[in-house]
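Below you'll find the structure, written out as structure tokens, and then a few comments.
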Amino acid sequence: LDLGRYAGPATLILSSLAGGAKHGYALTKDVEVFAGVSLSPGTLYAALGRLEQQGLVEPLEGEGRRRPYKLTPAGSEALRAHLYDQRRVASVGLRRLSARTATG
Amino acid sequence: MTRRERRIGRLLRWYPRSWRERYGEEFAALLDETIEDGRGGLGMSLDVAREGVVARRDALDRRALMLACWTLCWIPLFPQGIVALILLVERAKPHSWFVALYLPAPLSWLLAAAMTSLGLGLLTAAAHTLRQARADAQHPLNGHVGP
């Protein structure tokens, strides 16, 4: 995910949309529940706009003033690759930490 | 208009018009719900202001690029490009304006041709930027224009 300082929010947004299409407020609430991170409206829409430009999310027909967004196939692929990378880094870090604990 | 609506209107003004036309309505809905939720404090305003300024900078960059290409393309294209080529064909005497005419034969042709290409390239870039800006403004899911 080549999104500079929006990479963090972008991962959270894509992970949320992986569970189904959502509008801005529902997305914020969902991210809060699964990640414990509170995304501010400005940050959320800056990241969402970039994801839309890159074809990773897609706007749907508006529901009143709200507009839901859904993950595109390219978005699913980008998220999967990014999360596998993160998992690899996490497992190396955890393994080294436990080796360190074991050796005292 | 309620106090909250006025506040949302003020927050939206941080963003450039093109952004507001595309995202304004849905973003206003999100701000409304965030304030309703009791999270519309100073932190939210600062975040909106910061991202609005970033969006303005992005929009300005594109407009500045288009203006620069549009303004500059005529110089290489006509006086240093096409007109210089015509003068080379006509075997006219060197003239202060036409850089290519000061050079010996193969180089003068090359420079005039390169200048013409540069002018055409800048003109194409200006047209492309303008087309992209128009396409963004006429997004099918944009505001009142239904799909």
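Where a number appears in this text, it was derived from the coordinates with a stated rule and is not lab data. Quick caveat: nothing in here was measured; it's all calculated off a predicted structure. Positions of Cβ are generated from backbone atoms using ideal geometry, with glycine treated the same way; all protein chains shown enter the neighbour counts.
Here are a few things to note about the model shown:
- Put in order of Cβ neighbour count within 10 Å, fewest first, the listed residues B:Met115, B:Met66 become B:Met66, B:Met115.
- In loop segments of the stretch B:16-112 as defined by DSSP, the trypsin sites (Lys or Arg not before Pro) with at most 14 further C-beta atoms inside 10 Å of their C-beta are B:Arg39, B:Arg91.
- Going from the residue with the fewest nearby Cβ atoms within 10 Å to the one with the most, B:Ile86, B:Ile35 rank B:Ile86, B:Ile35.
- Overall dimensions of chain A by Cα: Rg and Dmax, Å: 16.0, 60
- Förster radius 35 Å - calculated FRET efficiency between B:Phe78 and B:His128, Cβ distance, rounded to 0.05: 0.95
- Computed from Cα atoms, the angle from the helix A:7-17 axis to the main principal axis of chain A rounds to 70 degrees.
- Degrees, to the nearest 10: A:41-53 long Cα axis against longest axis of chain A: 80 degrees
- Within the protein assembly as shown: Cβ-based charge dipole about Cα centre, in debye rounded to nearest 20 (Lys, Arg +1; Asp, Glu -1): 540 debye
- Averaged over peptide A:18-24, the number of partner chain Cβ atoms lying within 10 Å of each residue's Cβ comes to 2.
- Projecting the Cα positions of A:Gly19, A:Thr43, A:Leu94 onto the charge dipole of chain A (unit charges on Cβ atoms of Lys, Arg, Asp and Glu, taken about the Cα centre) puts A:Leu94 furthest along the positive direction.
- Quarter the surface of the alpha carbon convex hull of the protein assembly as shown and you get the mean projected area, 22.8 square nanometres.
- Estimated [θ] at 222 nm from DSSP helical runs (n ≥ 4, -39500 (n - 2.57)) normalised by residues in chain B, nearest 500: -24000 deg cm²/dmol
- Net charge over other residues, Cβ less than 14 angstrom from the Cβ of B:Gly38 (K, R count +1; D, E count -1): -2
- Ordering B:Asp58, B:Asp32 from the fewest to the most neighbouring beta carbons within 10 Å gives B:Asp58, B:Asp32.
- Using the Cβ of A:Arg67 as centre and a radius below 15 Å, the other residues enclosed give a net charge of -3, where K and R count +1 and D and E count -1.
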